[in-house]
Amino acid sequence: MRRLLFLLLFLGLAFGQRVAVLGDWGQDTPGRTQVANLLRIEHAHRPLTALLTAGDNFYPRGLVVERFLKELPPIPLYPAFGNHDAPNLEGQLKRFRLEKPYYAVRLGAVEVFVLYTEGDLRAQREWLAQALSHSQAPWRVVILHRPLYSSGLHGGSPGLRSLLEPLLRQYRIPLVLAGHDHHYERLQVGFTTHLVVGGGGANLYPTKPPSPYTQALAVAHHALFLEAEGETLVGYALDPSGQVLDRFVLKKNSP
C-alpha cells in the first residue's frame with residue numbers, strides 16, 4: 001500500500017495537476033449541458049484536480065440549482081461570484097462553505113486568488129496585496145468576474161485596471177481569468193496574460209473588433225484547462241466537441 005501511495009504521488013508530480021475553469025455557465029441552455037458533458041469526459045479521460053468558476057454561476061438571480069452542480073464531474077469546486085450571483089450571494093457562500101466571496105486556494109503548484117468584483121474592491125486590494133506578499137506558490141493566478149481587458153460587449157473595466165494592475169506588475173502575476181463577456185479571448189498585456197472565459201454555457205453574443213492586445217478570440221462555448229508542469233503553465237480551451245480553440249504556454253520568469 002505504501003508503495004502504491006508513493007507511486008501515485010510520484011505520478012501526480014510528474015504529470016502535474018490539471019484544473020478546469022468555467023465562466024458564465026449557470027443558465028439552463030444546451031450549451032451548459034454540452035460543456036458539463038465535456039468536463040465529465042475530460043475527467044474520465046484524465047482526472048481533474050478541481051474546477052474554478054469565473055462567476056455568474058446561476059442565472060438570473062443567483063439561486064443555486066443543484067441539478068447543474070450534479071452534472072459536473074465530482075471534484076472540488078472553487079467559485080468566483082458575478083453580478084448574477086450577487087442577489088443570492090449569502091446563499092451561494094453557504095452552499096460552497098465559504099466565509100467571504102474573496103479568498104485564496106492552493107492547488108499544487110498553483111495558488112488561486114479569487115476576487116469579488118461586485119463588492120468592496122479597495123478592501124480586497126489590500127487583502128490581495130498581503131496575500132501575494134506571503135505566497136510561496138510557483139504559479140499565482142487571479143480570477144474574478146469582470147475582466148480588466150475584453151473585446152466583448154461589456155468590455156474591460158478601466159476601474160479594475162487602475163486598481164489592480166500595479167499589483168499585477170509588482171508581483172509579476174502571469175495569469176488573470178475573468179468572465180462576464182460570453183466568449184473566449186486571450187490578451188497579452190505586458191507580463192500578464194488575461195483570459196476571458198465566459199463561454200461556459202450562457203447564451204453567446206458577438207464581440208467588438210479585437211483589442212490590440214488580443215492573441216486569440218472565439219465566440220463559442222468552452223471550458224479552459226490549466227496544467228502546471230515544472231517551469232511551465234500550459235493552458236488550452238476546448239469547445240464542447242473537444243476541439244482546441246486556443247493553446248498557450250507560460251514560462252516561469254519569462255520577460
Legend entry - Distance between the range 148-183 and the range 197-226 - C-alpha centres, whole angstrom: 14 Å
Legend entry - Lys, Arg +1 and Asp, Glu -1 on Cβ, resulting dipole of the range 24-93 about Cα centre, debye, nearest 20: 220 debye
Inset, instruction - With springs only between Cα atoms under 10 Å apart, run a GNM on the chain and tell me which of TYR213, TYR102, TYR184 wobbles the most. - result: TYR213
Inset, instruction - Output the Cα-based Rg and Dmax of the range 17-251 in Å, rounding Rg to one decimal and Dmax to a whole number. - result: 16.0, 42
Inset, instruction - Grab the Cα-Cα distance for GLN34 and TRP127, subtract it from 0.36 nm times how many residues apart they are, and report the gain in nm with one decimal. - result: 29.8 nm
Legend entry - Placed amide H near THR53: partners under 5 Å, 5+ positions off or other chain: LEU22, TYR78, ALA80
Legend entry - Under 5 Å, built H, 5+ apart or other chain: amide partners of THR193: LEU175, VAL176
Inset, instruction - With runs of 4+ DSSP H residues as the only contributors, calculate the mean residue ellipticity of the chain at 222 nm using -39,500 (n - 2.57) per run, divided by the residue total and rounded to the nearest 500. - result: -8500 deg cm²/dmol
Inset, instruction - Would you look at the GNM of the chain, springs on alpha carbons closer than 10 Å, and say which of HIS182, HIS222, HIS154 moves the most? - result: HIS154
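Quick note: the coordinates plus some simple rules give every number you see, no bench work behind them. Remember, predicted model here, so these are calculated numbers, not experimental data. Every residue, glycine as well, gets a Cβ built from its backbone with ideal geometry; the counts of neighbours run over all protein chains shown.
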